[in-house]
Structure formats: structure tokens, C-alpha cells
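Read the structure below first, then the notes.
Values quoted throughout were computed directly from the atomic coordinates according to the rules given, and no laboratory measurement underlies them. This is a predicted model, so every value here is computed, not measured. We place every Cβ from the backbone using ideal geometry, glycine too, and count neighbours over all the protein chains shown.
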Amino acid sequence: MANIKIHVFHCGKVCVAPDIPFGGEKTNIIKASGLLTPKDKRLWLPVSAYLIEYENYKILVDTGWSREISPQGVYDKKAQIKHMSRILYKINQAIIPKGQTIDEQLKNIGIQSQDIDYVLLTHLDCDHVSGIKTLKNAKHILVSKDEVKCAQKNRLRYTKTMWEGINLEQFNFKDTNDGPFHKSYDLLGDGVIKLINIPGHSDGLFAVKITYNNKYVLLFSDGGYASKSWKEMILPGISMDKEKQYKSLQWIRDMSLNENCIESLANHDSDIKPHIITF
């Protein structure tokens, strides 16, 4: 019998300029914003969320898009602008077909929001936090204190209304031997689920490492946008700190190549399909 089960969900899609996922070190904010990118050159990428089942715990990582951006399950410009702002709409358009919001998919496997022990928000970008209000009854909703500070300093990038009224529990990374900057947070205190700081894309960004019997799965969020990111060392275009971002991606590469790594998953990798990992 498996001790860990990880559900990989796709909760809609996001449409961005190619420089956001694969801009590399030399891109700039204009290219990454997509303001000058023709529609036919943009990329549609999946937006993922993950459910970890371990012992009696149910732990959700990120939320994907809310139904608010796509009320009828089709592309809706007005709804998107209302939900995330006109500026963010120009940078990343969205769609979420019916049945694909995280609450809809959890309901299909018999799970309600109050059954969730932890919601882990790897960072506060709109496509990772948009659906949080449907999970407000979860027992704990966690985000790093560094990420909240980052959001407060960068109001154009983040949409605070998405988490207004939600009890976000802020945690501090601790000094450990984990990660590129030796900062992490042991969620349950048993070493199985660690939130590992991988700054660069945002200050408080973390990867989730799930370890059992020395084998592990790494969910590295937006530390890179696909496996080719770490294979070819291609930095994402949106960055708070390029040097930290590169060091974080190097760590992701090392962890992904380790023989004990079962799977290493980026949130927006088009090559990753919804599936279940057990070990």
C-alpha cells in the first residue's frame, strides 16, 4: 500500500508571452509582459495544483484559477479584467473549462474544502492564488512571510483582492541544510513535507519536497516553467532577483537529476498531464 499519494490537477490555462516562461537572463520586463507580443505568438500553458495525501492529512499546493475568470467555462475578457485587473489581463489571459476549478475537481473525488488540512500557497501570483476563496474553510492556509512582504511592495503584480478576507497564516523559513539558500520549513515536523525557499521569481517562493523512504517528489512551482528550464538552464522572464533565480534553478536541476527523485514538476509544464503519483 502506498504511503504517499499526490494528485496532479490542471486548473485551467494561462496565455502568456514566450518570454515569461523561457525569456532567459537577457529578457526584459517589456518582452516578458507580452504587451508587444502578437496573439498568435503567445503560449497557452496549464495551471497546476496538487493534492498530497499522507497518513490522515490532505494537503493542497496552490489553487489554480477561480471560476470567476470564466463563469461559463469559456474565455471571458470582462470577467478576467474584473477578477485580476486590466494590467494583469494584458500580461496573462486565462480560461478554465467547467469542471476544472480546484473545488470542482476535489468534489469529484469526495473532498470538501473543510476536509483540507493545509493549503500551501507557493507564492501569491494570480494564477496560483485565484481559487483560494473556494478553500476558505480549509483548516490552515499558509504562505511565507517573505512572500507577503513581496506582495506589499509590488502592488501592480499582485491582486490583493483575491485573498482579502482569507486567514493567511504566515510562516518564517528556518535556517536549515535544505535548498539553494539553506532556508526551509518542515510542515509537519517529521521531515516528509518540506517547503524550501527558492527565491528569484518572487522573494517568498517555495518548492514542496515530499520525501518517503529516501525517495522524493519535487514540486518546484515557478522556479522554472518546464523540465527544459532546468535541463537547459533557462530562467523565467519574471524575476525579482536574477542571481537568486539562477541559483534556485541550479538547485532544482541538481535535485531533479538525483537518483532518488521520482518526479520533478513545474507548475506550467505543457508536457505534464494530470496524473496520480504513489510511493
- Residues Tyr246, Tyr216, sorted so that the one with the fewest Cβ neighbours within 10 Å comes first: Tyr246, Tyr216
- Least to most buried among Leu257, Leu120 (fewest other Cβ within 10 Å first): Leu257, Leu120
- Centroid-to-centroid separation of the stretch 84-137 and the stretch 170-187 [C-alpha atoms, Å]: 25
- Starting from the Cα-Cα distance between Asp115 and Gln250, subtract it from 0.36 nm times their residue separation and give me the gain in nm to one decimal. 45.0 nm
- Note on the structure: Among Ile52, Ile116, Ile29, the residue with the largest mean-square fluctuation in a Gaussian network model of the chain built from Cα contacts under 10 Å is Ile29
- Message: Which of the three applies to the stretch 118-182, rounded, prolate or oblate, going by the alpha-carbon gyration tensor with a ≥ b ≥ c and a/c under 1.5 meaning rounded?
- Response: oblate
- Note on the structure: Heads up, the stretch 1-98 by the C-alpha gyration tensor (a ≥ b ≥ c square roots of eigenvalues; a/c under 1.5 rounded, else a/b over b/c prolate, else oblate) looks oblate
- Item | Cα shape, the stretch 75-222, gyration tensor, a/c 1.5 rule | oblate
- Based on DSSP H runs of at least 4 residues, each adding -39500 (n - 2.57), what is the mean residue ellipticity at 222 nm of the chain after dividing by all its residues, to the nearest 500 deg cm²/dmol? -6000 deg cm²/dmol
- Message: For the chain, what does the relative contact order come out to in percent, with C-alpha contacts under 8 Å and a separation of six or more?
- Response: 21
- Percent of beta bridges antiparallel (DSSP, the chain, rounded to nearest 5): 75
- Hey, fewest Cβ within 10 Å first, where do Trp65, Trp44, Trp163 land in order? Trp44, Trp163, Trp65
- Message: How far apart, in nanometres, would the label points at Glu243 and Asp40 be if each is projected 7 angstrom from Cα along the Cα-to-Cβ direction?
- Response: 4.3
- Along Cα→Cβ, 7 Å out, is where each label goes; now give me the distance between the ones at Gln72 and Asn258 in nm to one decimal. 4.9
- Item | Proximal charge balance of Thr134 [Cβ under 12 Å; K/R count +1, D/E count -1] | +1
- So which GluC sites (Glu not before Pro) in the stretch 111-188 pass both tests, a DSSP loop state and at most 10 other Cβ atoms within 10 Å of the Cβ? Glu164
- Task: With r as the distance between the Cβ atoms of Ile276 and Lys228 and R0 = 22 Å, compute the FRET efficiency 1/(1 + (r/R0)^6) and round to 0.05.
- Result: 0.40
